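Worksheet: the structure to be examined is printed underneath.
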Amino acid sequence: MATINGYSNLSGTQKQGLLSKLQAALDGINQGKTNVACNKLSDFNSQVTSFIGNGTLTAAQGNALLSSSNHVRNTIGCTNNPCT
């Protein structure tokens, strides 16, 4: 299972919400269900973006998570957006 370390400003519930999205994406990848993985990674990105917007995460913290998620999305074929 994925971990989100170093983000002490996230509550346990917030971390668990992000982790559950990542785990669902991983499960989708392992089951050959790319569309499920893409949707869960999109949900993850939306939640991270929301956390940046409301100040729960700094832009630097959130952008690091978004960059990693977008790299996975590109690798499995969800999108052709460039990685940063």
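For the range 27-43, a residue qualifies if it is open to solvent by 70 Å² or more (accessible area, probe 1.4 Å) and over 17 Å from N74 (Cβ atoms), and the qualifying residues are N30, Q31, K33.
Note on the range 52-70: among residues that are touching a helix residue (DSSP H, G or I) at 6+ places or on another chain (Cβ under 6 Å) and of a type outside the set (G, A, S), the one that is most open to solvent (accessible area, probe 1.4 Å) is I52.
Quick one: would you say N45 is at pLDDT 95 or above, under 25 Å from S11 (Cα atoms) and touching a Ser or Thr at 6+ places or on another chain (Cβ under 9 Å)? Outline the logic, then answer.
Numbers: at pLDDT 95 or above: yes; under 25 Å from S11 (Cα atoms): yes; touching a Ser or Thr at 6+ places or on another chain (Cβ under 9 Å): yes.
Spelling it out, N45 is indeed at pLDDT 95 or above, under 25 Å from S11 (Cα atoms) and touching a Ser or Thr at 6+ places or on another chain (Cβ under 9 Å).
Need pairs with beta-carbon distance below 8 Å; first residue touching a residue at least 40 places away in the same chain (Cβ under 8 Å) and within the range 24-40, second open to solvent by 90 Å² or more (accessible area, probe 1.4 Å) and of a type in the set (G, A, S); sequence gap 6+ or separate chains. Sorted first by the residue in the range 24-40, then by its partner, the list stays empty.
The values are calculated or read from the model by the stated rules, or taken from the named source; none is laboratory data. None of these values were measured; they are calculated from a predicted model. In this analysis, Cβ positions are derived from the backbone assuming ideal geometry, glycine residues included, and neighbour counts consider all displayed protein chains. Note: areas computed on protein heavy atoms with side chains; ligands, DNA, RNA excluded. Shrake-Rupley method; radii C 1.70, N 1.55, O 1.52, S 1.80 Å.
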